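Presented below is the structure to which this report refers.
The values are calculated or read from the model by the stated rules, or taken from the named source; none is laboratory data. Please read these numbers as outputs of a predicted model, since none were measured by experiment. Please note: Cβ atoms are built from the backbone with ideal geometry, for glycine as well, and neighbour counts cover all protein chains shown. To get the accessible areas, we keep the full protein, side chains included, count just its heavy atoms, and leave off ligands, DNA and RNA. Shrake-Rupley method; radii C 1.70, N 1.55, O 1.52, S 1.80 Å.
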Amino acid sequence: MSRRIFVGDVQGCRAELERLLEAVRFDPAQDQLQPVGDLVNRGPDSVGTLRLVRSLGGGGVLGNHDVHLLRVACGRRSLRPNDTFGDVLEAPDRDVLLQWLAERPFFRDLGGVWLVHAGLHPRWDDPAAVLAACDPIEPGDDCDFAIRVRHCTPDGGRPKHDDPPPPPPFAPWFQHWRGRGAPTIVFGHWAMRGLVREPGFRGLDTGCVWGGRLTAWIAEEDRLVHVPAERAYAAFGS
Ligand SMILES: [Mn+2]
């Protein structure tokens with residue numbers, strides 16, 4: 001049976017991704033690989049991660065670090081000291097990889113399962129329509145929300161900081177999302193909160209790059225699979 005295998009924030013942890021794919025017995029001829037975004041940055045092998053996911057016909061959505069890489073690559077932003085995706089920028093196959101990455105959408109409706117990097121705005125009636133209009137190179141409020149939100153108000157207002165957790169009316173975005181239950185929404189981007197397994201929501205960022213673990217969710221079996229990080233590759237929150 002064909003399976004949809006969602007994977008949390010890889011952030012250049014290519015070795016852990018390979019071990020996770022072995023652990024779920026990933027079969028590229030049958031299975032779909034759907035990363036939650038943030039394939040690159042902070043970790044040791046961004047370029048290897050992009051090559052691997054692309055070679056497996058992976059789908060996935062853009063995360064904030066992927067968007068940052070695309071903007072740096074076209075000169076719209078400058079590299080920051082703690083960015084580790086220089087390996088992509090210097091790679092001989094850089095253009096192919098960046099083009100492939102830029103073709104990832106901000107949102108996927110996979111039939112009973114929706115995929116977004118961080119979360120959905122409580123006022124969006126049709127996230128697919130809102131986020132289809134987003135350009136990874138041109139910053140915009142909608143795409144920014146989808147790749148960055150953690151807490152928000154019932155109106156979609158975001159706090160200045162998510163840590164420590166802001167007081168009400170701020171709450172985790174998924175507590176304001178009225179379409180609770182169906183479809184199931186898969187997301188990442190929140191290593192501090194860690195695994196989220198609530199009715200209708202699967203949050204898969206378990207902080208591999210910070211020394212946590214890399215998590216897969218197999219939709220057809222409603223099963224989580226984890227592999228531990230080989231080590232912490234970056235200081236938490238950097
Ligand atoms: Mn992120």
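Specify the residue with the greatest mean-square fluctuation among Arg108, Arg19, Arg148, computed from a Gaussian network of the chain linking alpha-carbon atoms under 10 Å apart.
Arg19
Quickly rank 158-167, 30-39, 125-134 as a protection proxy: mean count of other C-beta atoms within 10 Å, highest first.
The most tightly packed comes first, giving 30-39, 125-134, 158-167.
Amide H of Phe85: which non-local residues (sequence gap of 5 or more, or other chain) have their own amide H closer than 5 Å, using H built in the peptide plane?
For Phe85, whose amide H was placed from the backbone, the distant partners under 5 Å are Arg42.
Measuring from centroid to centroid over Cα atoms, what is the spacing of the range 91-118 and the range 50-72 in Å?
5
I'd like the carbon and sulfur percentage of the solvent accessible area for the chain, probe radius 1.4 Å, heavy atoms only, ligands and nucleic acids excluded.
49
From the helices alone, meaning DSSP H stretches of at least four residues, give me the mean residue ellipticity at 222 nm for the chain, per-run term -39500 (n - 2.57), in deg cm²/dmol to the nearest 500.
Helix contribution divided over all residues of the chain: -6500 deg cm²/dmol.
For Cys152, what residues show an amide H to amide H distance below 5 Å, using hydrogens built from the backbone and excluding near sequence neighbours?
Result for Cys152 returns Ala171, Trp173.
What ³J(HN,Hα) values, in whole Hz, does the Karplus curve 6.51 cos²θ - 1.76 cosθ + 1.60 give for the range 16-27 when θ = phi - 60°, with x put for Gly and Pro?
So the J values, rounded to whole Hz, are 5, 5, 4, 5, 5, 5, 5, 5, 8, 6, 4, 10.
At q = 0.09, 0.10 Å⁻¹, work out log10 I(q)/I(0) for the range 4-223 with the Debye formula, treating every Cα as an identical point scatterer and leaving solvent out; two decimals please.
-0.32, -0.40
What is the Cα centroid distance between the range 17-41 and the range 162-222, reported in whole angstrom?
Distance between centres, Cα-based: 18 Å.
How do the peptides 58-68, 91-101 rank, highest first, by the average count of neighbouring beta carbon atoms within 10 Å per residue?
58-68, 91-101
Please get the size of the charge dipole for the chain, origin at its Cα centre, with Cβ charges of +1 on Lys and Arg and -1 on Asp and Glu, quoted in debye to the nearest 20. Intermediate values should be presented prior to the final figure.
Working: 28 positive and 32 negative charges, 90 e Å.
Its charge dipole is roughly 440 debye.
Per-residue HN-Hα couplings for the range 231-236, Karplus 6.51 cos²θ - 1.76 cosθ + 1.60 at θ = phi - 60°, whole Hz, x for Gly and Pro?
6, 7, 9, 8, 6, 3
Using modelled backbone amide H atoms (1.01 Å from N, in-plane), which distant-in-sequence or interchain residues come within less than 5 Å of Leu214's amide H?
Val227, Ala229
Output the relative contact order of the chain, whole-number percent, from Cα pairs under 8 angstrom with separation of 6+ residues.
Details: 515 pairs, mean separation 53.9, N = 238.
With pairs under 8 Å counted, the relative contact order is 23 percent.
Calculate one ³J(HN,Hα) per residue across the range 159-175 by plugging θ = phi - 60° into the Karplus curve 6.51 cos²θ - 1.76 cosθ + 1.60, and present them in order as whole Hz with x for glycine and proline.
3J(HN,Hα) across the range 159-175, in whole Hz: x, 5, 9, 9, 9, x, x, x, x, x, x, 6, 8, x, 3, 6, 6.
Over the chain, average the accessible area per residue using a 1.4 Å probe and give it in Å², no decimals.
Accessible surface, normalised per residue, equals 43 Å².
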